[in-house]
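Student: Below you will find the structure I want to go over with you.
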Amino acid sequence: PRQERTLPSLAMLLAEKNRWSELATLARAHVRSTPWDPWGWMSLGLATHRKRDNAAAAAAFDSAMNYLSRNDRARLDQLERLLPPKDSARVAAMSAADRAATQRLYWLSADPIWSQQNGAPRLEFLSRVAFAELRWSVLELRIHGADSDRGNIHIRYGPPGKTFTIAPDAAHQITDVTTVWIYESGLMFIFVGL
């Protein structure tokens, strides 16, 4: 459990296959042995939120945010990931205090039943960030999944309704893997390369 790559590799596999109970079990065991690892807590937050246990997910994400480094917390918890470019630029130019206030107001507005402490929109956002970071990060290359093209789309729009992959085919001059994501709203994204 103390090897840096063990949890992300197993969590990526389980999350990709929507095996939330098994991911929750893995993450709980991990945080028992290494409670200071934010990715154990992020994995637990993702799994429990997907299992519709919002109270446990909120507690896990709170712990994760406490254990993440200041830089990682700022990189992952960006409201700009959800905003249109014009608004993103305006928020990015704000002071830290104004950004924090704007973010609190955004999440309060996004959850109209504020008297209930479930925080579902914020939990969904953090779950998507955790999934993207686990699924598309490449530790060896220092690539952060939440900052990748697929991660950005996943965080903004959620998981696609349908996906398919076109393998390289020299006969038809297709040299790279092509992945297509189709959303029920009609949005479609095409990713070329691994």
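The values are calculated or read from the model by the stated rules, or taken from the named source; none is laboratory data. Predicted model, so just to flag it, every value in this text is computed and none were measured. Virtual Cβ from ideal backbone geometry, glycine too; neighbours counted across all protein chains shown. Ligands, DNA and RNA are stripped out before the accessible areas are found, and what is left, the full protein with its side chains, is counted by its heavy atoms. Shrake-Rupley method; radii C 1.70, N 1.55, O 1.52, S 1.80 Å.
Student: Identify the residues of the stretch 58-93 with backbone N under 18 Å of a label point that sits 7 angstrom from the Cα of residue 32 along the Cα-to-Cβ direction, or state none.
Tutor: 60
Student: Within the chain, what whole-number % of the accessible surface is contributed by carbon and sulfur, with the 1.4 Å probe and all protein chains included in the calculation?
Tutor: The value for the chain is 55 percent carbon and sulfur by accessible area.
Student: Now, a different point. Set the Förster radius R0 to 30 Å, insert the Cβ-Cβ distance between residue 70 and residue 3 as r into 1/(1 + (r/R0)^6), and round the FRET efficiency to 0.05.
Tutor: Result of the calculation: an efficiency of 0.80.
Student: Lys and Arg at +1, Asp and Glu at -1: add these up for the other residues within a Cβ distance under 12 Å of residue 194 and post the number.
Tutor: Cβ neighbours under 12 Å give a net charge of -1.
Student: Based on the alpha-carbon gyration tensor of the stretch 9-103, what equivalent-ellipsoid semi-axes (square roots of 5 times the eigenvalues) come out, in whole Å, largest first?
Tutor: Three semi-axes, in Å: 29, 15, 11.
Student: With a cut-off of 8 Å between alpha carbons and a minimum separation of six or more residues, what is the relative contact order of the stretch 46-184 in percent?
Tutor: Reported as a whole number, the value is 19 percent.
Student: Moving to a separate point now. Given a 1.4 Å probe, how much area per residue of the stretch 17-152 is accessible, in Å²?
Tutor: 55 Å²
Student: Next up: Is the stretch 134-189 best put as rounded, prolate or oblate by its Cα gyration tensor, with a ≥ b ≥ c the root eigenvalues, rounded for a/c under 1.5, and otherwise prolate when a/b is larger than b/c, oblate when not?
Tutor: Oblate is the answer for the stretch 134-189, as a/c is 1.5 or above yet b/c matches or exceeds a/b.
Student: Next question, about the same structure. Under the Karplus relation 6.51 cos²θ - 1.76 cosθ + 1.60, θ = phi - 60°, what is the ordered set of whole-Hz ³J(HN,Hα) values for the stretch 95-103, x standing for Gly and Pro?
Tutor: 5, 4, 5, 5, 4, 4, 5, 4, 5
Student: Follow-up question, since we're still on this one. Under 1.5 on a/c is rounded, so check that first for the stretch 1-53, then, if it is not, pick prolate when a/b is larger than b/c and oblate when it is not; a ≥ b ≥ c are the square roots of the alpha carbon gyration tensor eigenvalues.
Tutor: Verdict is oblate for the stretch 1-53.
Student: Right, here's the next one. Just check the chain against the gyration tensor rule for me: Cα atoms, a ≥ b ≥ c as the square roots of the eigenvalues, rounded for a/c under 1.5, and otherwise prolate or oblate depending on whether a/b exceeds b/c.
Tutor: oblate
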